[in-house]
Amino acid sequence: MPSFLKKIIGSVYRGWLRPRFSLIQQQRFKLLWTIWGYWPILLIKPIGLKDRIRLILRSMRVDWYVQHAHWPGEIARVVAAIGERKARLGEVVVEAGCWQGGSTIKLSIICDMLGYRLVVFDSFQGVEHVPGDPFSGKYSAALDLVKKNVAMYGQIDVCEFVPGWFSETLAGNTFQHPTQVLYLDCDLAKGTQEVLQGVLPFFVDGGAITSQDYPIKAIKALLDNKDTWRSLGVPTPVLVDRFRQLAIFRFKKHTVPVTAVLALSPLLPTVAVGGQKGFSGSGGVAPYSYSIEADTTGGASIDRTTGLYTAGPTLGSSTVRVTDATLVTVETIVG
Ligand SMILES: C[S@@+](CC[C@H](N)C(=O)[O-])C[C@H]1O[C@@H](n2cnc3c(N)ncnc32)[C@H](O)[C@@H]1O
């Protein structure tokens, strides 16, 4: 759009529309020129054209009914980053800062289509108070309202909500799920640092760190500083895309240090009908999760986190699998 036209629209918008209309009405009006930003969703390969169009239409519905703090062109790039491939075992997407759930809804739809869980961290009390910060206390929305919005317009079944300040829920409290995409939108450098601290130890190789706050000076300085990443024990990621306030970073190398080859013990054990056996993983990258991949004992089970296996009521065998945080797997047969 020519710059003179942009200026005219901008001054009409600021001088005439803003004072006369509510925030949600302004958001609806802005769609006239922001809606085109959804085009990256049309290029998402793992879902068919119908689903891409459905995703855009459902996102527009959110723009109409739920007040939010992003532009279509920003969230569409985050959605497209999630849409690069289907989820692998246990992979999640993390949103840090959801306000009324407008972004959560859009992320939940693509997560549902591709098999990711969406874990949403927020204080549900607004931006943390930091003396002198212009955003302190803003964007406050109760968890009930967010859940109601997501249930109404998105896919609440794939969402998990973790209420609390990032200093309590994430910093120094590693979030032990392989994370494919992180969407950061908390308006504070302190919060951004805390989220990175919690999420990066299990960040998936090739995943995307997306920040909706890049123009905020302190946040840009934090993300552009090599020491930030060094202190978190990971290589400095590369800024691969920018659109308005959104920045997308990716790592070139593995961020998770692999110590030794993953192993499962005991190998090939025998267990009586209905009996129990404890399995444990070693090497690879903790934490481990345990599952049964095949079973002829009539209903064997295994505790996902402790590895305690219980055989079914008939004579047979089961295939037990351990999966580490980088999604490497090892199997054994118990019978
Ligand atoms: C700008 S809003 C998020 C907007 C939302 N992503 C959207 O697009 O509509 C910022 C959010 O970050 C949350 N937040 C800010 N600082 C936080 C902190 N230290 N711990 C937890 N939540 C925080 C606020 O509660 C608020 O919901």
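What follows is calculated from the coordinates using simple rules that are stated; it is not laboratory data. All of these numbers come straight from a predicted model, not from anything done at the bench. With ideal geometry, Cβ positions are generated from the backbone for all residues, glycine too; neighbour counts draw on all protein chains shown.
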J(HN,Hα) series, region 4-19, from Karplus relation 6.51 cos²θ - 1.76 cosθ + 1.60, nearest Hz, glycine and proline x:
5, 5, 4, 4, 4, 4, x, 6, 5, 4, 6, x, 10, 6, 3, x
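Quick one: net charge of LEU188's neighbours, Cβ under 14 Å, K/R +1, D/E -1?
Within the 14 Å Cβ shell, the charges total -3.
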For the chain, the longest principal axis of the Cα atoms and the Cα long axis of helix 102-114 enclose an angle in degrees, to the nearest 10, of 40
Interchain or long-range residues, amide H under 5 Å from CYS159's placed H:
LEU118
Residue-wise, which Karplus ³J(HN,Hα) couplings in Hz belong to region 177-189, taking 6.51 cos²θ - 1.76 cosθ + 1.60, θ = phi - 60°, and x for glycine or proline?
10, x, 9, 8, 9, 10, 10, 9, 8, 10, 6, 9, 5
Beta bridge orientation in region 34-250: antiparallel %, DSSP, nearest 5:
30
Nitroxide proxy distance, nm - points 7 Å out along Cα→Cβ at LEU23 and SER282:
5.6
Protection proxy (average C-beta count within 10 Å per residue), highest first, orders 124-136, 183-195, 155-167 as 183-195, 155-167, 124-136
What lysines sit close enough to LYS147 to cross-link, taking a C-alpha to C-alpha distance under 17 Å and skipping anything fewer than 8 places away on the same chain?
LYS106
Please list, in chain and number order, the residues 5+ apart from LEU262 or on another chain whose amide H is under 5 Å from its amide H, with Hs placed from the backbone.
GLY284
Phi angles of region 154-160, converted by Karplus (6.51 cos²θ - 1.76 cosθ + 1.60, θ = phi - 60°) into ³J(HN,Hα) in whole Hz with x for Gly and Pro, give x, 10, 5, 4, 8, 9, 10
Assuming a ≥ b ≥ c are the square roots of the Cα gyration tensor eigenvalues, decide whether region 34-250 counts as rounded (a/c under 1.5), prolate (otherwise, with a/b larger than b/c) or oblate.
rounded
So how much slack lies between ARG88 and ASP157, counting 0.36 nm per residue of separation and subtracting their Cα-Cα distance, in nm?
23.0 nm
Segment ALA263-LYS50, length gained on full extension (0.36 nm per residue, minus Cα span):
72.4 nm
Magnitude of the Cβ-charge dipole of the chain, K/R +1 and D/E -1, about the Cα centre, nearest 20 debye?
1560
Per the rule of 0.36 nm per residue minus the C-alpha distance, extending GLU168 to ARG304 adds in nm 46.4 nm
Mind checking which of PRO163, GLY132, VAL199 is farthest towards the positive end of region 34-250's charge dipole, using Cβ charges of +1 (Lys, Arg) and -1 (Asp, Glu) about the Cα centre?
VAL199
Amide H of THR326: which non-local residues (sequence gap of 5 or more, or other chain) have their own amide H closer than 5 Å, using H built in the peptide plane?
VAL285
Around ARG321: net Lys/Arg minus Asp/Glu count, Cβ-Cβ under 9 Å
-2
What translational diffusion coefficient, in µm²/s and rounded to a whole number, does the Stokes-Einstein relation yield for region 263-334 at 4 °C and a viscosity of 1.567 mPa s, taking the hydrodynamic radius as the Kirkwood radius over Cα pairs?
109
Asserting the computed 222 nm helical MRE of the chain (DSSP H runs at least 4 long, -39500 (n - 2.57) per run, divided by residue count, to nearest 500) equals -9000 deg cm²/dmol
Looking only at region 54-87, which residues have a backbone nitrogen under 15 Å from a spot 7 Å from the Cα of LEU42 in the C-beta direction?
54-57, 73, 76-77
